[in-house]
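J.: Here it is: the structure, laid out below.
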Amino acid sequence: MNMKKPILALLFLAITSTAFAKDEKTQHDAHEHGVAEINIVWEKADLNIELLSPAFNITGFEYQPANHDQEEAIAKIEKKLNAPNELFSITGAACKTVKTKLESPFEEHADHEKHEGKEEHKDHEHESSTHSEYAINYEFSCDNSKSELSIDTANVFKHFPNMEKIKVQWLSATKQSSAVLTKKSNTITLN
Ligand SMILES: [Zn+2]
């Protein structure tokens, strides 16, 4: 079993049969350095943001840390990932972080012996030795939600300079849409 299935990404694949969703899946499978995905579900007070990214965009490398300095660098970077208020600037509602769930590719080795079966093990090896990905889920609770909510991701691009493009899919109580964010165009508005 792959334990790193991003929840919201699966939701979008399940509820959409649009061309975009198919593209998105292809894109995700392609694991393109510089490109990340954000999936957002917003319904009344509940706002859920999922960030999926090649580790390259976040840490600059995807191999397991080879020394203490690299381990420290990862810890420092993951601290940033665990601070949604410093990554996302939300306007249109007062949102508080409820929960952050970070899945780091750099923790996998601890679980190594859990993998059973040759083929699965091979897949895992391939994944960890060639490409690694982060999956982070942020849960917010928002007061006085209006009919529009804007999320500014400028700090994501600022903190992680290897990040060039973020493909966003969002779902609100009434609408569903998508957009591509860049360093220059870094705000998504949901309605
Ligand atoms: Zn990669």
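J.: Which pairs in the list Lys76/Lys146; Lys79/Lys184; Lys76/Lys175; Lys101/Lys175 are over 31 Å apart, alpha-carbon to alpha-carbon?
T.: Lys76/Lys146; Lys76/Lys175
J.: A further question on this structure: When the Karplus curve 6.51 cos²θ - 1.76 cosθ + 1.60 is applied with θ = phi - 60°, which whole-Hz ³J(HN,Hα) does each residue of segment 89-103 get, with x for Gly and Pro?
T.: Result, rounded to whole Hz: 10, 9, 10, x, 6, 8, 10, 10, 6, 9, 7, 10, 10, 9, 10.
J.: Given a Förster distance of 25 Å, report the FRET efficiency between Ala83 and Asp46 from their Cβ-Cβ distance, rounded to the nearest 0.05.
T.: Once rounded, the FRET efficiency stands at 0.80.
J.: To continue, here is another question. Normalised by the number of residues in segment 150-191, what is the relative contact order in percent for Cα pairs under 8 Å and 6+ residues apart?
T.: The normalised contact order for segment 150-191 reaches 46 percent.
J.: Follow-up question, since we're still on this one. Quote the FRET efficiency, to the nearest 0.05, computed for Tyr63 versus His159 with a Förster distance R0 of 30 Å and r equal to the Cβ-Cβ distance.
T.: Efficiency, rounded to the nearest 0.05: 0.90.
J.: How high is the FRET efficiency between Lys146 and His33 when r is their beta carbon distance and R₀ equals 35 Å, given to the nearest 0.05?
T.: That pair, Lys146 with His33, gives E of 0.40.
Here, each number is a calculation from the coordinates, and none is a lab measurement. These numbers were taken from a predicted model, which means no experiment stands behind them. Heads up, the Cβs are rebuilt from the backbone with ideal geometry, glycines too, and the neighbour counts pull from every protein chain shown.
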